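Beneath this line is the structure, given in structure tokens, with notes to follow.
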Amino acid sequence: MMKNNHSAQAGLVALYLSIVLLALNGLFAKIIPLDALNVTQTRSVVACIMLFLVLVAQKANLRLNSLKQFIGVYGLGLVLGAHWITYFHAMQVSTVAIGMLSLFSYPVITVLIEPLFKRQVPKIADLLAAFVVFSGIFIMVSPQIISGEFDGNTVQGAFWGVTSAILFAFRNTSQKYLFPHINSITLMSHQTLVVGLVLLPFIAVEQISNMEIKDWGLLILLGCLCTALAHTLLSMSLKRLPAKSVALIGCNVPVVGGLIAWLALGEIPGVMVYIGGAVILSVAAYESLNQNK
């Protein structure tokens, strides 16, 4: 019992550290002068180099033991890359608050996905929670929908945010149940490698070459802290805590991210964004309390 408590505590520490680092993504999405695809490719390269150096220093095992593991880990790496692209795009076409709040529909999506890995049927209460969360997203975009602006920034941001949420929930839950015994750093090393390689033919060489030194500094910080370290910590927490708990506690990210965007960028969300965001976060809070009981 003591060992389990210690493992859970270690998982919580890793999770809360990852929350702080992940919350900084919104700031980087706004201040790095690259589109979502180029940011994703370059951050993956930086993260991959850092993770490989850590593995070498630790003399850790980088090998995957079978073709099945190779296909699975690299396949989930591509899903992670798609999540990053859609997430950054959501924040770039709208605001940090809308992008993050839409992404954090992923805890309820996780609640719906996780029973499938356990060969169980989702509970009615979980289905109702999903309905309420997506109602919150609709509230955020309702002003533009009512006015007929279906291509408005809020609608686009919410669409890409929810798409990113689905990808993130699928990747995290799949990784937890399919590869529980693979070292977290090893997993992230392979996944950042495949993202960097697959996106390499699509990068805007001229755009990247025109970046200033400070922009490269920001990219290195994004790759090292908010990519390599944050997602490794997240993977560590998934090994010690239920995927549902990780997702629900992770709902603190948009709160921290929105605060950072307000302080650093002066982004002030509209009233409907506040209301919709409150609905999303209240469901997550309810689920967290229910999980604790």
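Here are the numbers for the structure shown:
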read-out	value
Unique match (being modelled with pLDDT of 80 or more, outside any loop (DSSP other than H, G, I, E, B), under 30 Å from L200 (Cα atoms) and of a type in the set (S, T, Y)) among T86, T110	T86
Check on Q175, in a helix (DSSP H, G or I) and buried (at least 22 other Cβ atoms within 10 Å of the Cβ)	yes
Any hit, region 50-60, residues being in a helix (DSSP H, G or I) and of a type in the set (K, R)	no
Any chance G223 is buried (at least 21 other Cβ atoms within 10 Å of the Cβ), within 24 Å of R171 (Cβ to Cβ) and at pLDDT below 90	no
Residues satisfying the stated conditions in region 180-212, i.e. part of a loop (DSSP other than H, G, I, E, B), surrounded by fewer than 19 Cβ atoms within 10 Å (Cβ to Cβ) and touching a Leu at 6+ places or on another chain (Cβ under 9 Å)	P180, N183, I203, A204, M211
Residue in region 9-24 that is at pLDDT below 85, surrounded by fewer than 16 Cβ atoms within 10 Å (Cβ to Cβ) and more than 30 Å from W262 (Cα to Cα) present	yes
Meets criteria (within 22 Å of the chain's Cα centre (by Cα), within 23 Å of V205 (Cβ to Cβ) and among the aromatic types (F, W, Y)) for F28	yes
Residue check, Q41 touching a Lys or Arg at 6+ places or on another chain (Cβ under 8 Å) and in a helix (DSSP H, G or I)	no
Restricting region 156-172 to residues that are polar (S, T, N, Q) and surrounded by fewer than 24 Cβ atoms within 10 Å (Cβ to Cβ), the residue that is nearest to F138 (Cα to Cα)	Q156
Residue list for region 113-124, restricted to those being surrounded by fewer than 21 Cβ atoms within 10 Å (Cβ to Cβ), assigned to a helix (DSSP H, G or I) and either touching an Asp or Glu at 6+ places or on another chain (Cβ under 9 Å) or of a type in the set (D, E, K, R) (or both)	P115
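The values are calculated or read from the model by the stated rules, or taken from the named source; none is laboratory data. For clarity, every value in this text was computed on a predicted model and none was experimentally measured. Don't worry about glycine lacking a Cβ; one is built from the backbone with ideal geometry, like all the others, and counts go over all protein chains shown.
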